[in-house]
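Quick notes on the structure that follows.
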Amino acid sequence: MSLDAKIPGGPLADKWDRHKFELKLVNPANKRKYNIIVVGTGLAGGSAAASLAELGYDVQSFCIQDTPRRAHSIAAQGGINASKNYQNDGDSTWRLFYDTVKGGDFRAREANVYRLAQVSGNIIDQCVAQGVPFAREYGGTLANRSFGGAQVSRTFYARGQTGQQLLLGAYSALSRQIAAGKVTMYPRREMLDLVVTGGKARGIVVRNLITGQIEKHAADAVVLCTGGYGNVFFLSTNAMASNVTAAFRAHKRGAFFANPCYTQIHPTCIPVHGTYQSKLTLMSESLRNDGRVWVPKEAGDTRPPHQIPESERSYYLEEKYPSFGNLVPRDVASRNAKEQCDVGRGVGETALAVYLDFADAIKRDGRDVIAKKYGNLFEMYEKIVADDPYETPMMIYPAVHYTMGGLWVDYNLMSNLDGLFVLGEANFSDHGANRLGASALMQGLADGYFVLPYTIGGYLAGVTPGEVGTNDAAFDTIATEAGDRIEKLLSIGGKRTVDDFHRQLGLIMWDYCGMARNNAGLEKAIGLIQELRGEFWQDVTVPGSAGDFNQSLERAGRVADFLEFGELMCKDALNRQESCGGHFNEEYQTEENEALRDDENFCYVAAWEHTGDENAPNLHKEPLVFENVKLTQRSYK
Ligand SMILES: Cc1cc2nc3c(=O)[nH]c(=O)nc-3n(C[C@H](O)[C@H](O)[C@H](O)COP(=O)(O)OP(=O)(O)OC[C@H]3O[C@@H](n4cnc5c(N)ncnc54)[C@H](O)[C@@H]3O)c2cc1C
């Protein structure tokens, strides 16, 4: 089977406009006859559900949380990119497009990325109109700061709470449609499976997390906006409820999973403190605008930072990458931090940390200016670490943060399954092998506010509304399977907790499929995961019952899926015999330890097809064609 990305023809800059014109339309009177399921209420799902309802479609919206506005997107701190060029510093649609393709190590589709850059400005206008309180200059214009991988300032922000403010904007738009009766909201529901019948996605099966009841919901199209799968590593900066279940269950029903091995490890997180920690905390990339990263020059130097004189410090990012300095992209900054710690220059109790120092910025701009920019982040750091970053440099270390892989989608954001659309972090679309900072919020909102509302009409125009309902036999079969799986989990009655298995899986993933990978390690990991999965189904203990609020049961289902999905990640990593962005295979690196791509053999999207639990997954390749940018060795020097 060849994957058709349905990229429109014509010059890059005209593709989206032409495509919008050529897409079939659903007339306003007919839109209300269609019903669309949107799973997830983060920035992608919230914006999509609100926009579709605003257009006139009937929408059913689902989320795990008690309210849509507690989706993981609320955690986003640093900002959202747009090529408005308000700073007059040389930004443009083309520059944002180029930075994103290069930042992703030339493993993303040109046409998708260009469209993303084109609509980026609309997102800011939309959010301002909703009342999102972006930071402003003294004269009232919107302020910008810089993020990694760019030499212009294009990041719009609301202090260190950008995600929260954007989500409140999307939530108000959603609430308006809930009140208007166009969106039916189903909070506290977990999608357990996708219903595919007659070759089309027609609905979902969910568990009501309060009553335990298994419910069936049908629609004319299903839109998954269920976020990323970083929690496969157990420790990550993601919200505790972030998971892979919806995407993985859709994968098992036929949707291809693309590039699962591309994981983003964020360089500026609070280091791990102990074995029983369950969460890691991000210190926003925006801090690298003013913070300087350094380690002692001498390996094993345990003096406190203020006793180490300037001449005995290595500002290794500034030294190695003079053009981008501390604002190199995340994959580059993370690998360099690891390199410094590997040679013994790490600091702090575990020696797995580097300094992020604001002393120069405070001297230059004054404490008040720094507090205005980063006050809440400094406070958060002090609460967790009990150290005052105004006085002592922060200690940071890379941690799992974002996943570039996701369900494969074409230019219309539709998966290879007709009627199944995938948005936001849950799809693989725009970031290639490494996402630039502040580009996830841009992509989620581009997908939800400005792409899907057009493309879904092109699909629905060829579908008879209400053709399939929950009385279709497929709904009963799939609901029964979901119920049986729950009973099986509850009946094992073993000795080990779900978290215990999850922690062990996370360590395997981190050690062998984390910041650096190699072939022998990946093969070992596949064996270890298979063994662990076998033990899980023999020895896990899941207390409580199915017909009640039961968080152990919820977690058990998610971890069971991670235990299968982790293996797919390792297989994908093993297949990709090159290094690119967030996939660093130690066997492929330049003399300066940078990722070494193999464009001749691996310039493709790896899309995996599930072929049965006992069979190896099938690899489909979507070749990546670059007509507008030249593939080069990425350099930030
Ligand atoms: C700490 C942190 C800071 C970040 N800061 C930034 C930043 O400054 N700028 C930036 O661009 N990006 C940032 N990111 C990344 C960005 O926040 C995410 O990529 C983005 O918010 C994902 O949005 P989403 O809508 O795709 O998914 P999410 O916000 O993860 O939402 C997923 C939704 O799906 C629902 N869901 C999941 N599974 C199921 C299921 N089985 N059934 C029903 N519902 C389900 C959840 O309940 C939720 O509503 C940050 C990430 C982290 C972790």
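Data overview
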quantity: Residues that are within 16 Å of the ligand (Cβ to nearest atom) and among the β-branched types (Val, Ile, Thr), drawn from region 280-324; calculated: Thr281
quantity: Cβ-Cβ under 9 Å pairs, at least 6 apart or on other chains, region 515-535 side more than 24 Å from Pro398 (Cα to Cα), far side of a type outside the set (Phe, Trp, Tyr) and not in a helix (DSSP H, G or I); calculated: Glu535/Gly494; Glu535/Arg496
quantity: Residue among Glu578, Glu591, Glu614, Glu554 that alone is of a type in the set (Asp, Glu) and either outside any loop (DSSP other than H, G, I, E, B) or in contact (Cβ under 8 Å) with a residue 40 or more places away in the chain (or both); calculated: Glu554
quantity: The one condition in (1) within 16 Å of the ligand (Cβ to nearest atom); (2) open to solvent by 20 Å² or more (accessible area, probe 1.4 Å); (3) modelled with pLDDT under 95 that Met1 fails to fulfil; calculated: (1)
quantity: Criterion: more than 22 Å from Ser61 (Cα to Cα) and within 16 Å of the ligand (Cβ to nearest atom) - qualifying residue of Pro393, Pro398, Pro453, Pro389; calculated: Pro398
quantity: Leu327 in contact (Cβ under 8 Å) with a residue 40 or more places away in the chain, open to solvent by 10 Å² or more (accessible area, probe 1.4 Å) and within 16 Å of the ligand (Cβ to nearest atom); calculated: yes
quantity: Criterion violated by Arg95 - all others in (1) over 24 Å from Tyr636 (Cβ atoms); (2) more than 16 Å from the ligand (Cβ to nearest atom); (3) surrounded by 16 or more Cβ atoms within 10 Å (Cβ to Cβ) satisfied; calculated: (1)
quantity: Scan of region 264-279 for residues that are within 15 Å of the ligand (Cβ to nearest atom) and within 16 Å of Leu507 (Cα to Cα), ordered by number; calculated: Ile265, Ser278, Lys279
quantity: Gly131 farther than 25 Å from Ile456 by Cα and surrounded by fewer than 16 Cβ atoms within 10 Å (Cβ to Cβ); calculated: yes
quantity: Residues of region 81-112 satisfying the condition of being in a loop (DSSP other than H, G, I, E, B) and under 20 Å from the mean Cα position of the chain (by Cα); calculated: Ala82, Gly104, Asp105, Phe106, Arg107, Ala108, Arg109
quantity: Residue check for Glu339: surrounded by fewer than 19 Cβ atoms within 10 Å (Cβ to Cβ), without any contact (Cβ under 8 Å) to a residue 40 or more places away in the chain and over 30 Å from Ser73 (Cα atoms); calculated: no
quantity: Hey, Glu349 open to solvent by 20 Å² or more (accessible area, probe 1.4 Å), more than 23 Å from Glu312 (Cα to Cα) and not polar (S, T, N, Q) or not; calculated: no
quantity: Matching entry among Gly527, Gly521 (being open to solvent by less than 20 Å² (accessible area, probe 1.4 Å), part of a helix (DSSP H, G or I) and not basic (Lys, Arg)); calculated: Gly521
quantity: Filter pass, Val223 being away from the ligand (no atom under 16 Å from the Cβ), at pLDDT 95 or above and among the β-branched types (Val, Ile, Thr); calculated: no
quantity: Every residue from region 194-206 that is within 16 Å of the ligand (Cβ to nearest atom) and either aliphatic (A, V, I, L, M) or open to solvent by 10 Å² or more (accessible area, probe 1.4 Å) (or both); calculated: Leu194, Val195, Ala201, Ile204, Val205, Val206
quantity: Evaluation of Thr632 against (1) assigned to a loop (DSSP other than H, G, I, E, B); (2) under 30 Å from Glu110 (Cα atoms); (3) open to solvent by less than 40 Å² (accessible area, probe 1.4 Å); (4) not aliphatic (A, V, I, L, M) (one fails), failing number; calculated: (3)
quantity: Subset of region 26-80 (residues that are in contact with a Phe, Trp or Tyr (Cβ under 7 Å, 6 or more places away or on another chain), within 7 Å of the ligand (Cβ to nearest atom) and part of a loop (DSSP other than H, G, I, E, B)); calculated: Gly78, Gly79
quantity: Answer residue from region 159-193, given it is within 14 Å of the ligand (Cβ to nearest atom) and free of Cβ contacts under 8 Å to residues at least 60 places away in the same chain and is most open to solvent (accessible area, probe 1.4 Å) among those; calculated: Gln165
quantity: First in region 420-449 and within 11 Å of the ligand (Cβ to nearest atom) and open to solvent by less than 10 Å² (accessible area, probe 1.4 Å), second anywhere and assigned to a strand (DSSP E or B) and among the hydrophobic types (A, V, I, L, M, F, W, C), Cβ under 6 Å, 6 or more apart; calculated: Val422/Leu224; Val422/Leu407; Ala426/Leu224; Asn427/Leu407; Ala438/Ile80; Met442/Ile80
quantity: Region 327-342, residues that are in contact with a helix residue (DSSP H, G or I) (Cβ under 7 Å, 6 or more places away or on another chain) and among the aliphatic types (A, V, I, L, M); calculated: Leu327, Val328, Ala333
quantity: Failed item, numbered, when Glu379 is tested on (1) within 16 Å of the ligand (Cβ to nearest atom); (2) closer than 30 Å to Phe257 by Cβ; (3) not basic (Lys, Arg); calculated: (2)
quantity: Residues of region 617-629 classified as open to solvent by 20 Å² or more (accessible area, probe 1.4 Å), of a type outside the set (D, E, K, R) and assigned to a loop (DSSP other than H, G, I, E, B), total; calculated: 4
quantity: Which listed residue is at pLDDT 95 or above and within 21 Å of the chain's Cα centre (by Cα), from Met515, Met509; calculated: Met509
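The values are calculated or read from the model by the stated rules, or taken from the named source; none is laboratory data. Given the structure is predicted, the values throughout are model-derived calculations rather than measurements. Heads up, the Cβs are rebuilt from the backbone with ideal geometry, glycines too, and the neighbour counts pull from every protein chain shown. With ligands, DNA and RNA removed, areas are computed over all heavy atoms of the protein, side chains included. Shrake-Rupley method; radii C 1.70, N 1.55, O 1.52, S 1.80 Å.
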